[in-house]
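Remarks on the structure that follows.
Each value in this text was obtained by applying a stated rule to the coordinates, not by laboratory testing. This one's a predicted model, so the numbers in the text were calculated from it and none came from an experiment. For neighbour counting, all protein chains shown are included, and Cβ atoms are generated from backbone atoms with ideal geometry for every residue, glycine included.
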Amino acid sequence: MTRPVFSTELFNARVETQIQTFFDTMNNLFGRRGWDPDPPHREDTAWSNRDFTVSTIARYRDGAFKRIRFTMRNLPGFVRKPRNLEDTSAIRYEHRFIFDLPREYPQNIGAIRPVAETPLYHPRLAASGTGHACYSVRGELDRILEDLPFFVLLKPDRVEPPSQFQSDHGLNMAAMAWYEQDADRIVETLDQLWEAQHKDGPAAASRQGRVRILESSSSSAESVRRAPRVLDKPSRRTSVRILDDER
């Protein structure tokens, strides 16, 4: 293992800042779509609003954050092959991924391997719909969090169908064939359902216990904070292809 770049304090401050940057960026996107923004609340090591929860659920021996659990709500995704695109019984609106940050993070980001805890019918997941995703690492933690909702929404630059990209057929060839037959309508259907979940302003998710508005309390965190990005059409970047071991 490469020697850690940051001390525990700076490592955790960087992670906290990037989680906040993710929420800022998504609120920026929601605002441009005319949806009500929802600032995150923090309780212990979980950041949450009505659409997303980001939790740090394991640490390294020195106390540095290790495992991230990312929950997405109000986000349509196919959990099985639909009979047709009007088959809403094939869609669920809550999805969870987990992944580990390497202790030498932000080095070695290619070691980050998102794992689907809830099933998705997706070309870049095995037929079971869970397990390691065939996922292109596009940047650090904030970028991974920003990408995964669009991975669920089957955006072409996350699916990378071989008919459009110099790519492979993923981990589920049947799902890739289904996707390539009607990619535009699949993406449009999911986007319309996502819009429908927000156009009337969904009720805020219930929160139990004492919470507080998330504010950075670390001067170290401020030093690594970046401005929110525009996510409509993310630029293609040099990426690392993460494949399932059994592929």
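Okay, here's what the table says:
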| item | result |
| --- | --- |
| nm² value of the averaged projected area, convex hull over the Cα atoms of segment 1-134 | 9.6 |
| Sequence-distant residues sharing a close amide H with LEU171 (under 5 Å, placed H) | ARG124, LEU125 |
| Length gained when the stretch SER128-TYR60 is fully extended (0.36 nm per residue, less Cα-Cα span) | 21.5 nm |
| Gain in span if fully extended, GLU94 to PHE30, counting 0.36 nm per residue against the direct Cα distance | 21.3 nm |
| Gained length - GLU180 relative to ARG80, 0.36 nm times residue gap less alpha-carbon distance | 34.4 nm |
| J(HN,Hα) series, segment 153-162, from Karplus relation 6.51 cos²θ - 1.76 cosθ + 1.60, nearest Hz, glycine and proline x | 6, 6, 5, x, 6, 9, 7, 6, x, x |
| Overall Cα dimensions of segment 62-170 - principal axes, largest extent first, Å | 50, 31, 21 |
| Rounded to the nearest 20 debye, dipole of segment 117-168 from Cβ charges on Lys, Arg, Asp, Glu | 140 |
